[in-house]
Amino acid sequence: MPFIKIDIVKAKVIFFTIFIIVGTLLLHAQPTPRGQPDVSNKTLITNANQDHVMGAAALHKLANDYYNWRNQSDPVSSSNAGLHTWDDKLADFSPAKIAERAQHVRTLLDKVRTMKTGTWPKDEQIDAILFRSQLEGVDFQNRVLKFERTNPQTYIGECVSAIFSLLKKEYDTPRKRALSATARLKAMPALLKQGLSNLQNPVRLYAKLAIDSARSIDPLLRGSLMALDVDLAPTEHEELIKARDAALAAAHSFADELEKRMPKMVDFAPMGEANYNYYLKHVLLLPLDAREVETIGRVENGRYRALEALLPDPKLADPDPSRAANIPPDQASFLKAYESRETEMITFLKEHKLVTIPDYLGPFQIRQLPEAFKPTSPGGFMNPPGVYDKDPAGFFFIPTYNPQSKNFYIRAAIEDPRPILGHEGIPGHFMQLSIANHLSDEIRRQHADGVFVEGWALYGEEMLMRTGLYPNNSPAQGQILRLSRYRGARIGVDVNLHTGKWTFEQVVKYFMDAGGLDREAAEGEAAGAASSPHQKITYIIGKWQIMNLLGRYKDRQGDNFRLGQFHDDLIKNGSLPLSVIEWILLDDDSSIKKVMTEK
């Protein structure tokens, strides 16, 4: 019974607090008799140890209770993470439940903020900082972004992910997954109707993306979903079809209603610089403000733009399928050819001892991107094993194959998929996140710092180039430079869009000019930046932090330095902020202190 356990913990904390206070007063009130040893310091040290032990236990209890509560409150995210307890449920978006969840997080955050952790051991202090930042991230969404009121993608995204999370892995029989899908489909019309009621301040840009997604959901529900319709009884089959058709009608109606409302919607609602900086400090634990972040982006964008120009043929930075030795004839051949290049990358990593590849890694597969995700993920997206996943496989979803496509990612994948494959697979996201999932510390296992995650993957692109995987002046090398160039452009886009300095059209044009992207990719990137504040800064800022850490690590190790050891030491800690990893690896807490004390 969890409520009794909470009371016991509280009682113990109160008892030890009173014990310490009374004991301390008595010791100070009575002088030590002459000739007897002074044990007051030992007593205080013992009491301090008891205090941090009790405090740390309370922290981990709060965290575990929170994760359990969160998983049940957000069943679709649980399914995506490999926890299938509530596969037949959708989240409750009624105003009362939204407010209740927000208050629960706020109360817990206030409690964590009052914890006195200064005397705790370093590892426990780190856990307290991490858990607090996790809560800060949720609280920031509740207080500032308020996507339930402003972003229609919240609701159509719930519907798309609700089904997609049941399809991507064969974690159970097709029949059981189909029954879960039926239950979720039945709940979608009410959820979308509730969403329209909740959207009191919708943003036109978000609405446009939601409309595109809603009108692209048919292949997912009419095609992919029906692969589960193999062992259903006749009545179960009829229920599935009826629920599917009702969900499709509701999704299309949702899009139609949004389209009617669009003329009265605001174009975009930036959060402003103060809120932007708050997130950098309290959620991402970055010792930088918006102006410093943007400066780094401009410097890195300019550097890689110049490095492109220094190539003997600068056109190498712009992927061109006509330069490829083989052009796949169809979608299946394309995906197979893409996936096959992973083997040579793994061989290279092992031969050069660049990183230790764990034995528990599962297969990494390339799959086609569902159309419903295309509006905000023009280049596809990575789907690693979830934190609760029993299946170690991971996927990279890439847009539909078309050898005449102007899409940067398709062209790059035809000419040489290795740079993006290394980013998404091994040694990038798939491997790093798989390692993070095996941490024993639950708070660290649950932490998913995007700056580190994307920084590591982007760092890996250039690391593989500089250690010799790609020949000089090759299309792969040109692609690496272009990828870093446009990731640098992402920073200017993210900062200026969300602080209110640029319009959406300015953002698209900047991506095309500074990033070197085609219009289609630039519009998709801009849409992604608008929908996921701060996400686009993570690549270059994370890489920049890792490069700084690498130099300091090398100087400290001296003659004992080995690059592969740095990589192992770096990623064994999970997906933690680099200000925290700096404290772990170098015993330097200056960055995290700046974050925690700066006003």
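The values are calculated or read from the model by the stated rules, or taken from the named source; none is laboratory data. Note that the structure is predicted; figures quoted are calculated from it, not measured. No Cβ is skipped: glycine too gets one built from the backbone with ideal geometry, and neighbour counts run over all protein chains shown.
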Worksheet item: Can you find even one residue in the stretch 392-407 that is more than 28 Å from Asp518 (Cα to Cα), in contact with a Pro (Cβ under 6 Å, 6 or more places away or on another chain) and buried (at least 23 other Cβ atoms within 10 Å of the Cβ)?
Response: yes
Worksheet entry | Subset of the stretch 230-246 (residues that are β-branched (Val, Ile, Thr) and under 14 Å from Arg177 (Cα atoms)) | Val230
Response to the item:
Restricting attention to the stretch 531-545, the residues that are surrounded by fewer than 24 Cβ atoms within 10 Å (Cβ to Cβ) and either farther than 20 Å from Gln153 by Cβ or of a type in the set (Gly, Ala, Ser) (or both) number exactly 3
Worksheet item: So which residues in the stretch 126-161 are more than 15 Å from Tyr276 (Cα to Cα) and assigned to a loop (DSSP other than H, G, I, E, B), if there are any at all?
Response: Asn151, Pro152
Practice prompt. Could you pull out the residue among Leu458, Leu483 that is within 21 Å of the chain's Cα centre (by Cα), modelled with pLDDT under 95, among the hydrophobic types (A, V, I, L, M, F, W, C) and in a helix (DSSP H, G or I)?
Written response: Leu483
Practice prompt. Give the stretch 258-287 a look and list any residue that's of a type in the set (Lys, Arg) and either closer than 18 Å to Val493 by Cα or surrounded by fewer than 19 Cβ atoms within 10 Å (Cβ to Cβ) (or both), or say none.
Written response: Lys260, Arg261, Lys264
Worksheet, complete the sentence: The number of residues in the stretch 70-116 that are in contact with a His (Cβ under 8 Å, 6 or more places away or on another chain) and either more than 30 Å from Arg175 (Cβ to Cβ) or at pLDDT below 95 (or both) is 0
Worksheet item: So which of Ala436, Ala522 ends up being touching a residue at least 40 places away in the same chain (Cβ under 8 Å) and in contact with a Lys or Arg (Cβ under 9 Å, 6 or more places away or on another chain)?
Response: Ala436
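A quick yes/no check of all residues on (1) in the same structural domain as Phe334 (by TED's automatic domain parsing); (2) modelled with pLDDT of 95 or more; (3) polar (S, T, N, Q):
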position	(1), (2), (3)
Glu415	yes, no, no
Ala436	yes, yes, no
Ser440	yes, yes, yes
Gln446	yes, yes, yes
Asp449	yes, yes, no
Worksheet item: Can you tell me which of Gly478, Gly528, Gly488 is buried (at least 21 other Cβ atoms within 10 Å of the Cβ), of a type in the set (Gly, Ala, Ser), farther than 15 Å from Arg298 by Cα and under 23 Å from the mean Cα position of the chain (by Cα)?
Response: Gly528
Worksheet entry | Residues satisfying the stated conditions in the stretch 344-355, i.e. crowded, with 17+ Cβ neighbours inside 10 Å and either in a loop (DSSP other than H, G, I, E, B) or in contact with a Ser or Thr (Cβ under 7 Å, 6 or more places away or on another chain) (or both) | Leu354, Val355
Worksheet item: Restricting to helices (runs of 4 or more DSSP H) lying wholly in the stretch 211-321: which have 3 or more residues that are free of Cβ contacts under 8 Å to residues at least 40 places away in the same chain?
Response: 234-261, 290-309
Worksheet item: Does any residue in the stretch 162-191 that is more than 14 Å from Leu225 (Cβ to Cβ) and modelled with pLDDT of 95 or more come within less than 9 Å, Cβ to Cβ, of a residue that is of a type in the set (S, T, N, Q) and part of a helix (DSSP H, G or I) six or more places away or on a different chain, and which pairs are these?
Response: Asp172/Ser180; Pro189/Ser253
Item to complete: Quick one: which residue in Ser165, Ser133 is of a type in the set (Ser, Thr, Tyr), touching a helix residue (DSSP H, G or I) at 6+ places or on another chain (Cβ under 7 Å) and over 24 Å from Asp218 (Cα atoms)?
Response: Ser133
Item to complete: State whether the residues of the stretch 371-381 include one that is more than 24 Å from the chain's Cα centre (by Cα), of a type outside the set (Gly, Ala, Ser) and over 20 Å from Leu167 (Cα atoms).
Response: no
Discussion item. Can you pull out every residue in the stretch 75-109 that is of a type outside the set (Ser, Thr, Tyr), touching a residue at least 60 places away in the same chain (Cβ under 8 Å) and not in a helix (DSSP H, G or I)?
Written reply: Ala81, Gly82, Leu83, His84, Asp87, Asp88, Lys89, Leu90, Ala91, Phe93
Discussion item. If I filter the stretch 124-146 down to residues being over 20 Å from Tyr67 (Cα atoms) and charged (D, E, K, R), which single residue comes out as surrounded by the fewest Cβ atoms within 10 Å (Cβ to Cβ)?
Written reply: Arg143
Response to the item:
Of all helices (runs of 4 or more DSSP H) fully inside the stretch 489-599, the set with 2 or more residues that are under 29 Å from Leu145 (Cα atoms) and of a type in the set (Lys, Arg) is 590-597
Practice prompt. Would you confirm whether any residue within the stretch 416-426 is without any contact (Cβ under 8 Å) to a residue 24 or more places away in the chain and in a helix (DSSP H, G or I)?
Written response: no
Worksheet entry | Sole exception among (1) in a helix (DSSP H, G or I); (2) closer than 27 Å to Ala183 by Cβ; (3) touching a helix residue (DSSP H, G or I) at 6+ places or on another chain (Cβ under 6 Å) for Val112, by number | (2)
